[in-house]
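The values are calculated or read from the model by the stated rules, or taken from the named source; none is laboratory data. None of these values were measured; they are calculated from a predicted model. Cβ sites come from the backbone with ideal geometry, for glycine too, and all protein chains shown count toward neighbours. SASA here: full protein model, heavy atoms, side chains in, ligands and nucleic acids out. Shrake-Rupley method; radii C 1.70, N 1.55, O 1.52, S 1.80 Å.
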Amino acid sequence: MLQQCGGPQSDLRLGLGTRAGGLEGLRASLSQARFALTAADEAVPVRGVEQLDTLGELMAGIPPEVRAVYGTRILGALGDGMLRETLEVFLANNCSWARTAEALHLHVNTVHYRIERVEVLTGRDLSRLDHKLDLYAALRCG
């Protein structure tokens with residue numbers, strides 16, 4: 001699948017599906033190519049579905065309006081303030097209380113309090129991997 005972005009002088013981007021056999025295989029390959037195209041950018045203008053290897057690249061194929069609803073549904077109760085920032089820094093620091101406190105210039109007890117509030121408001125338990133992934137994905141959607 002090929003897409004030209006912008007005006008006549010802009011770069012072309014290409015998304016590739018897997019090899020196809022038969023009509024059903026062709027449909028699947030076309031769907032994969034469309035999805036891979038969403039992850040193609042200026043840095044990597046040709047992207048094969050088999051090259052998608054990060055959550056960000058996978059999520060690029062989700063329509064923006066769907067990502068926005070997901071992000072709002074999961075994180076809406078946090079607002080755009082300190083709880084959201086604390087969550088983002090906490091996840092970026094591999095859920096380390098001390099590193100998060102240091103990065104935010106807070107006492108570690110403040111970080112504990114804020115993360116507990118995040119858990120209550122989102123209904124997610126940050127000791128569980130699947131809940132961490134839910135929150136991480138929601139942050140990437142917003």
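In the chain, the inverse of the mean reciprocal separation of distinct Cα atoms equals 17.3 Å; this is its Kirkwood hydrodynamic radius. Ligands, DNA and RNA left out, the accessible area of the chain computed with a 1.4 Å probe is 54% carbon and sulfur. Mind checking the stretch 33-142 for trypsin sites (Lys or Arg not before Pro) that DSSP puts in a loop (not H, G, I, E or B) and that have at most 12 other Cβ atoms within 10 Å? Hits after loop and neighbour filter: Arg128.
In this structure Asp130 has an accessible area near 70 Å², from a 1.4 Å probe over the protein heavy atoms.
Against the chain, whose longest principal axis is taken from its Cα atoms, helix 129-141 shows a tilt of about 70°. Classification of the stretch 78-117 by its C-alpha gyration tensor yields a prolate form. The axis ratio a/c (a ≥ b ≥ c) is 1.5 or more, and a/b outweighs b/c. Computed over the alpha carbons of the stretch 87-142, Rg followed by Dmax gives 10.7, 29 Å.
Stretched out straight at 0.36 nm per residue, the stretch from Tyr113 to Arg34 would grow longer than its current Cα-Cα span by 24.1 nm. Shape summary: the stretch 36-116 maps onto an equivalent ellipsoid whose semi-axes, from the alpha-carbon gyration tensor, are 32, 16, 9 Å in decreasing order.
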